[in-house]
Amino acid sequence: MKALKGKAITVVIDETGDMKKGEKTDYVARQYLGSVGKVDNGIVSVNAYGVYSNIIFSLSVKVFKPKGRLKAEDNYKKT
C-alpha cells in the first residue's frame, strides 16, 4: 500500500486481567489474572494492537465472560 511507504505494521496480541471489586459486572469473577500472576476477583480481556512507525493503535478488544457467569443463551468458548 502506497500510504504505508513500504513500512510494516506489527500486530501485538495481549491478554490482560484487571482486579475488580464486587460482582455486579457479568464479566467479573475469581479467575486467573495475568497482570497479577494469580487467581483473584477480576475481569479478563484479549486486546489486539497495531504498531506503525512508533504509533500504537487498537485493532480489537474482546472481554471474556467466565463460564460460571454465562446465561442460558451464551456460548462457552475455551481458548
Task: Close pairs from the stretch 6-19: first over 14 Å from LYS62 (Cβ atoms), partner surrounded by 11 or more Cβ atoms within 10 Å (Cβ to Cβ) and of a type in the set (Ser, Thr, Tyr), Cβ under 6 Å, at least 6 apart - done: ILE9/TYR52; VAL12/TYR49
Open item on the list: Tally up the residues in the stretch 6-40 that are more than 24 Å from ASN75 (Cβ to Cβ) and more than 16 Å from the chain's Cα centre (by Cα), please.
Closed with: 9
- [ ] State which residue is surrounded by the fewest Cβ atoms within 10 Å (Cβ to Cβ) when the search covers only the stretch 68-79 and only residues that are within 16 Å of LEU33 (Cβ to Cβ) and at pLDDT 75 or above.
- [x] GLY68
Task: Among (1) surrounded by fewer than 12 Cβ atoms within 10 Å (Cβ to Cβ); (2) at pLDDT 85 or above; (3) small (Gly, Ala, Ser), the one test that GLY6 misses - done: (2)
- [ ] Determine, yes or no, whether SER58 is of a type in the set (Ser, Thr, Tyr), exposed (fewer than 11 other Cβ atoms within 10 Å of the Cβ) and either free of Cβ contacts under 8 Å to residues at least 40 places away in the same chain or more than 30 Å from GLY6 (Cβ to Cβ) (or both).
- [x] yes
Task: Matching residues in the stretch 61-79 - criterion: being over 30 Å from LYS5 (Cα atoms) and assigned to a strand (DSSP E or B) - done: LYS62, VAL63, PHE64
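The values are calculated or read from the model by the stated rules, or taken from the named source; none is laboratory data. Keep in mind the model is a prediction, meaning the values are calculated, not measured. Positions of Cβ are backbone-derived with ideal geometry, glycine not excepted, and every protein chain shown enters the neighbour counts.
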